[in-house]
């Protein structure tokens, strides 16, 4: 079941990004997309990495609830970074800090690390068993990460704390 879900997810993502869905004109491209998605799925299956950690179906179903929150955070951070960069004297104070991570699955840790990195003003430098090493442009960005609001949202996505 997870193999089929992985294949269909990749195929849907490919279709969304390519926009080449007219079989009358794009047979070769559509065929190539199907072959590449099937090949990637086959490699994942051969490597035995299609499991509950890689593809937690419940988390995929809850992802549409997380996406609007992440989009809002990205937009607000973009506005904040833009204001700081166009100011006469940019009010930044770069810093590197470590935060613990209590998420259980690699999937959730990946979503969380990518969410931090997608949010302008913060970048995850390294991930280890204890947590994340993060670079932030401002004290406010650091406080936002340390508040653990995003981590708790990802824990809900994972199926943990609500």
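The values are calculated or read from the model by the stated rules, or taken from the named source; none is laboratory data. Bear in mind the structure is a predicted one, so any value in this text is a computation, not a measurement. Backbone-built Cβ (ideal geometry, glycine too); neighbour counts: all protein chains shown.
Hey, does region 42-58 have a residue that's under 30 Å from residue 137 (Cα atoms) and either part of a loop (DSSP other than H, G, I, E, B) or without any contact (Cβ under 8 Å) to a residue 12 or more places away in the chain (or both)? No, region 42-58 contains no residue that is under 30 Å from residue 137 (Cα atoms) and either part of a loop (DSSP other than H, G, I, E, B) or without any contact (Cβ under 8 Å) to a residue 12 or more places away in the chain (or both).
Among 32, 77, 15, 38, which is the only one that is in the same structural domain as residue 104 (by TED's automatic domain parsing) and part of a helix (DSSP H, G or I)?
77
Looking at 157, 103, 152 in this structure, which one is under 17 Å from the mean Cα position of the chain (by Cα), within 23 Å of residue 66 (Cα to Cα) and assigned to a loop (DSSP other than H, G, I, E, B)? Answer to the selection: 103.
Of the set (1) surrounded by fewer than 14 Cβ atoms within 10 Å (Cβ to Cβ); (2) part of a loop (DSSP other than H, G, I, E, B), all apply to residue 96 but (2). Check whether at least one residue in region 64-86 is surrounded by 11 or more Cβ atoms within 10 Å (Cβ to Cβ) and at pLDDT below 85, and report yes or no. No, region 64-86 contains no residue that is surrounded by 11 or more Cβ atoms within 10 Å (Cβ to Cβ) and at pLDDT below 85.
Please enumerate the residues belonging to region 110-126 that are touching a helix residue (DSSP H, G or I) at 6+ places or on another chain (Cβ under 9 Å), in contact (Cβ under 8 Å) with a residue 24 or more places away in the chain and in a strand (DSSP E or B). Matches in region 110-126: 122 only.
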